[in-house]
Amino acid sequence: MNDKAPTIDGVGSLLVAKDTVGVAADWARKSTFQAALKVMPKHRQRIVRSRLNPRWYRWAHAANGAHWAEMGERQLKFLIEAGLEPSNQFLDVGCGPLRAGVHLVRYLDVGHYCGMDLDPAFLASARKELEMAGLDHKDPTLLLDDSFRFKRFERQFDFALAQSVFTHVSFNTITRCVSQMETSLKPGGKFFATFTRNPGPRLRHDSFVVGGNLRNCDRDPFYYDADIFRWLVEGSTLDVELIGYWGHPKDQEMLMFTKR
Ligand SMILES: C[S@@+](CC[C@H](N)C(=O)[O-])C[C@H]1O[C@@H](n2cnc3c(N)ncnc32)[C@H](O)[C@@H]1O
């Protein structure tokens, strides 16, 4: 043994042990807290989290485990590469607290950003994010709505995006969203939406593990086969194309609906 190596004396050992107990107790406290939160309805979870940290959504589930800034910027970059221009009318479906919205409001001309969400707490946070970013003068329109009534914006859109929304809703809700979108897009307008692919088989009786989490096709987060979206637009004025992977950290794939 190298006699110059540092040694831990008796007091040192006690300090290390005390530290270890402290870390274990902290971990147990956090786990108990997380477990208690998980059994609450989602709106209650949000109230508790906002009391502890008004900007909890930046780190927690609305950020979908991904870095707030990175996922916001990624959405803007994707849309610009798809052709979004500042003069376009844009709709953010399930905009949440404006993770992407803040970047989009900054990029778009005054009054050209519209966001819709069913959660009043997220929309309140969205307004705070806009104020903190000094973007109130860009005059975005935010609407609370749980039925995708896009007509309430009183305009037709060039581009729309639903990022991490189809992943949390049933197929019937997706159908409602796409059918409302059909009448709110300009001819040639594009609606992008992300989804997570069902790894198969088509009918799943079992639960399965994704990224260490137990999943079940009957519950949020939902998994879909890409073919179901082709079936969805049959007989409509929309076409759908599977773009696939676009850099989402949890491998959500991108769809593009185009209004003829
Ligand atoms: C995982 S978050 C994604 C938020 C945002 N698109 C982003 O990428 O940061 C899903 C959002 O969809 C919203 N949402 C779910 N169902 C909805 C519905 N039927 N109408 C409007 N918003 C909905 C939720 O409230 C939530 O804000």
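Read-outs: derived from the displayed coordinates by stated rules, not from any lab. This is a predicted model, so every value here is computed, not measured. Positions of Cβ are generated from backbone atoms using ideal geometry, with glycine treated the same way; all protein chains shown enter the neighbour counts.
Summary table below
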| read-out | value |
| --- | --- |
| Ranked by how many other beta carbons lie within 10 Å on average, peptides 99-109, 228-238 from highest | 99-109, 228-238 |
| Theoretical FRET efficiency, 1/(1+(r/R0)^6), r = Cβ-Cβ of Gln156 and Gln34, R0 45 Å, to 0.05 | 0.55 |
| Using a Förster distance of 45 Å, the FRET efficiency for Asp139-Asn216 (Cβ separation, nearest 0.05) | 0.60 |
| For segment 147-159, 3J(HN,Hα) per residue [Karplus equation, 6.51 cos²θ - 1.76 cosθ + 1.60, θ = phi - 60°, Hz, x = Gly/Pro] | 10, 6, 7, 5, 4, 4, 7, 6, 6, 9, 10, 7, 9 |
| Residue-wise HN-Hα coupling along segment 198-203, computed from phi with Karplus coefficients 6.51, -1.76, 1.60 (Hz; x: Gly, Pro) | 5, x, x, x, 4, 9 |
